[in-house]
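**Q** Before we start, here is the structure in question, set down as structure tokens.
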Amino acid sequence: MTLPAFITWDFDPVIFTVFGHPVVLYGLLFALGLMILGPWIAKKMWDHEKLDPKWYESLAVYVFVGTIVGARLGHVLFYDPAYYLAHPEKIFFTWEGGLASHGGTIGIILACWIYSRKVSHKSILWVLDRLAVPTGLVAAMIRIGNLTNSEIFGRPTTLPWGFRFVRSEEYRQLVPAMDMGCHPTQIYEAFCYLVVFAVCMWLYWKRDAARRYSGLIVGFFLTGIFLSRFIIERIKIVQEPWELKLIESVGMNMGQLLSIPFVIVGIWLMVRALKNPIVQK
């Protein structure tokens with residue numbers, strides 16, 4: 001029997017082991033984006049505006065802590081609170097997986113609020129407009145990491161670019177005969193996030209939007225990231241079984257519900273920024 005022309009994804013995510021513990025590409029991509037590429041772009045912006053270098057150093061620490069803590073607690077609270085209430089020590093076992101982008105975003109916003117009060121003494125939108133510029137690239141790298149892990153993919157499809165995630169137990173249960181591909185939603189999201197990143201870079205470097213329109217860049221970022229997330233979630237396999245009942249009752253999964261407030265806030269910020277441009281002195 002000749003199988004349809006789907007893409008067989010048999011990628012080994014383990015790069016090497018250290019003292020018996022596997023080091024996976026996902027972790028390296030996460031670290032590369034969050035600790036190297038993202039800070040490098042932010043540093044270029046800092047130098048461009050001749051801002052205080054100490055502000056930059058402090059921001060890097062605030063963002064790193066906010067991202068990790070927020071993403072982990074987001075997964076704990078939004079997707080499996082009952083399990084973690086029964087096993088609270090597992091909250092710290094991040095190597096077992098479980099990071100939520102919505103929680104990470106909330107964590108970053110809270111970290112920037114504290115940073116704006118304690119360090120820069122500027123408005124939180126001043127901080128977020130600049131931080132939003134490299135964040136789309138970091139988010140795209142995380143989704144590519146999900147692809148290397150053969151996780152967070154979409155429902156079965158007859159489209160020729162469907163992926164057979166042969167290393168995924170979830171895929172083998174979903175498509176027992178492995179005669180169909182599934183939507184590579186990790187690639188869909190990564191592409192959308194790269195587009196958002198490109199537009200944010202254009203707004204900052206070509207339109208000087210961070211100094212001309214307070215909240216425009218972060219507003220576009222929130223709208224672009226979470227609107228694409230809302231749309232792609234419709235073809236994504238749910239992360240937790242209880243989400244199936246949620247879809248039956250409200251027609252949306254948890255990822256979609258969590259995305260709506262971010263989209264609304266993003267649109268409001270863009271409208272507000274365009275109606276109230278900053279007067280250049």
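**Q** Which one of these is part of a helix (DSSP H, G or I) and within 23 Å of F165 (Cβ to Cβ): I247, I267?
**A** After ruling out the rest, the residue left standing is I247.
**Q** How many of the residues making up region 20-57 are of a type in the set (V, I, T), free of Cβ contacts under 8 Å to residues at least 24 places away in the same chain and in contact with a strand residue (DSSP E or B) (Cβ under 8 Å, 6 or more places away or on another chain)?
**A** 1
**Q** Within region 229-270, track down each residue that is over 18 Å from I109 (Cα atoms) and open to solvent by 70 Å² or more (accessible area, probe 1.4 Å).
**A** Correct list: I231, R234, Q239, P241, W242, L244, K245, E248, S249, V250.
**Q** How many residues does region 5-19 hold that are out of contact with any strand residue (DSSP E or B) (no Cβ under 7 Å at 6 or more places or on another chain) and in a strand (DSSP E or B)?
**A** So the answer is 1.
**Q** Continuing with the same structure: Output the residues belonging to region 85-105 that are surrounded by fewer than 18 Cβ atoms within 10 Å (Cβ to Cβ) and either part of a helix (DSSP H, G or I) or at pLDDT 80 or above (or both).
**A** L85, A86, P88, E89, K90, I91, F92, T94, W95, E96
**Q** Now, a different point. I'd like to verify a number: residues in region 250-259 that are hydrophobic (A, V, I, L, M, F, W, C) and outside any helix (DSSP H, G or I), how many?
**A** 1
**Q** If W242 passes every condition in (1) over 17 Å from Y193 (Cβ atoms); (2) touching a residue at least 60 places away in the same chain (Cβ under 8 Å) but one, which one does it miss?
**A** Checking W242 against (1) over 17 Å from Y193 (Cβ atoms); (2) touching a residue at least 60 places away in the same chain (Cβ under 8 Å), the one that fails is (2).
**Q** Out of region 55-84, which residues are farther than 20 Å from W242 by Cα and open to solvent by 70 Å² or more (accessible area, probe 1.4 Å)?
**A** Once the filter is applied, which keeps residues that are farther than 20 Å from W242 by Cα and open to solvent by 70 Å² or more (accessible area, probe 1.4 Å), region 55-84 yields E57, V61, F64, V65, V69.
**Q** Would you please name the residue that is farthest from R155 (Cα to Cα), looking only at residues in region 212-228 that are surrounded by fewer than 24 Cβ atoms within 10 Å (Cβ to Cβ) and in contact with a Phe, Trp or Tyr (Cβ under 9 Å, 6 or more places away or on another chain)?
**A** Here the answer is S214.
**Q** Can we say I144 is β-branched (V, I, T), over 21 Å from A273 (Cβ atoms) and modelled with pLDDT of 95 or more?
**A** When the stated conditions are applied, I144 passes them.
**Q** Just to be sure I understand, how many residues within region 34-62 are part of a helix (DSSP H, G or I), among the aliphatic types (A, V, I, L, M) and more than 16 Å from F197 (Cβ to Cβ)?
**A** Total satisfying the criteria: 4.
**Q** Give region 127-169 a look and list any residue that's touching a helix residue (DSSP H, G or I) at 6+ places or on another chain (Cβ under 6 Å), of a type outside the set (A, V, I, L, M) and either in a helix (DSSP H, G or I) or more than 26 Å from V24 (Cα to Cα) (or both), or say none.
**A** Within region 127-169, D129, R130, P134, G136, R143, G145, N146, T148 qualify.
**Q** Separate question: For region 20-33, give me the residue count where each residue is part of a strand (DSSP E or B) and either under 17 Å from the mean Cα position of the chain (by Cα) or aromatic (F, W, Y) (or both).
**A** Number satisfying all stated conditions: 0.
**Q** Also, quick follow-up: Which residue pairs have Cβ atoms under 8 Å apart, sit 6 or more places apart or on different chains, and have a first residue in region 206-235 that is closer than 18 Å to I247 by Cα and touching a residue at least 24 places away in the same chain (Cβ under 8 Å) and a second that is open to solvent by 10 Å² or more (accessible area, probe 1.4 Å) and small (G, A, S)?
**A** Listed pairs, sorted by first residue: R229/S101.
The values are calculated or read from the model by the stated rules, or taken from the named source; none is laboratory data. Keep in mind it's a predicted model, so treat the numbers as computed, not measured. Ideal geometry is used to build each Cβ from the backbone, glycine not excepted, and the neighbour counts take in all protein chains shown. Areas reflect the complete protein model, heavy atoms only, side chains present, ligands, DNA and RNA absent. Shrake-Rupley method; radii C 1.70, N 1.55, O 1.52, S 1.80 Å.
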